[in-house]
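The numbers here are math on the coordinates, done by the rules we state, and not lab data. On a predicted model such as this, the values are computed, not experimentally measured, just so you know. Note: ideal-geometry Cβ built from the backbone for every residue, glycine included; neighbour counts use all protein chains shown.
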Amino acid sequence: MVIEQESKPRISVVFIAKIVIFILLGALVYYRDIPKGSLLYQILVGINSFLVPSLIVSVVRVVIISVYRARHIRGSVRGNFVLGINRLTAMLNVIFLIVGFMLAMGVNPLDFLMSLTFVAMAIAVLFRDYITNMLSGLFVMFSEQLSVGDRVRVGEHEGRIVDVTFAHIEIQNEEDDIVMVPNNLVFNNPIVNLSAHRSHLVAVKFELPLQSSLTVQQLEDEVRKVLNNHPHIGGKDEINLEVVEIGKDYVRYRVELYATRSSNRQHQELENELLRHILLVEKEQFKSS
């Protein structure tokens, strides 16, 4: 299952600011004779070392996303692909910024890296888990098997993927809690993509007060009234409304519906309409009692 992305790549204020700064620095170098080796010259070199590759990466990012969306113009865009491009661009910008700062301070990045070879190896060992998490996160972002919006089960955690970072996958469970699952756990344990084979399932859950006078049969009839306005929902005559849990002062229900189309937007609209209708019926029943 994929989620629809309607937003298009836009020219950000930061991108425009980078271009303006680049032009101003070019004019400064052109109209002023700045001696090489001076502090001002080193600062300009450092800033340009950040701006030039950063601008190139930004342009490449917009081109890649535009081409990807053009190829999927009749379908939905996988949110994790665009997310992966954005995360990768941000990581490269951080690297360019560090290199530019070193050059501005008169430090050769290659010499600095060579002098810290053993330290870098020690850092790699200490942060091994984070590095593998980051690589696993990149695999998830560009994976065809998982996407933002999919409902998955990882170990004991089940819910919908709402975000993917370099460190973890954020899953929103049925209680609306955000569970952060490390990316390594996704690759080291079996993961079930529930959206892959149940994309037509619409599961609606709701709670009513324990003293509610509505019976299960009455609730099923109210659900059927809403479904009459949705021809893409099948099995209207065989609605199965389940009582999931009975608490101290509430009853939790669950109804499963099967749609002929797997549009997330239509599923969400149906769920919202159904919940609003049940809430309205409950209020009217409460006033008449």
(request) Over the alpha-carbon set of segment 116-196, divide Rg by the Kirkwood Rh and report the Rg/Rh ratio to two decimals. (result) 1.07
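Full-extension gain between Val59 and Asn173, please, as 0.36 nm times their residue separation minus the C-alpha to C-alpha distance. Numbers along the way, then the final one.
Working: separation 114, 0.36 × 114 = 41.04 nm, distance 3.70 nm.
Gain on extension, Val59 to Asn173, equals 37.3 nm.
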(message) Given points 7 Å out from each Cα along the Cα-Cβ axis, report the Lys248 to Met91 separation in nanometres with one decimal.
(response) 4.8 nm
(request) Arrange the peptides 61-71, 129-139 so that the one whose residues have, on average, the most other Cβ atoms within 10 Å appears first. (result) 129-139, 61-71
(request) Could you go through segment 275-283 in sequence order and give the Karplus-derived ³J(HN,Hα) for each residue, using 6.51 cos²θ - 1.76 cosθ + 1.60 with θ = phi - 60°, rounded to whole Hz, and x for Gly and Pro? (result) 5, 5, 5, 5, 5, 5, 5, 5, 5
(request) Go through segment 161-174 residue by residue and turn each phi into a ³J(HN,Hα) via Karplus (6.51, -1.76, 1.60, θ = phi - 60°); whole Hz please, and just put x for glycine and proline. (result) 6, 10, 6, 10, 10, 6, 9, 7, 10, 8, 10, 9, 7, 5
(message) Along the Cα→Cβ direction, 7 angstrom out, place labels at Phe139 and Gln42. What is the inter-label distance in nm?
(response) 4.3 nm
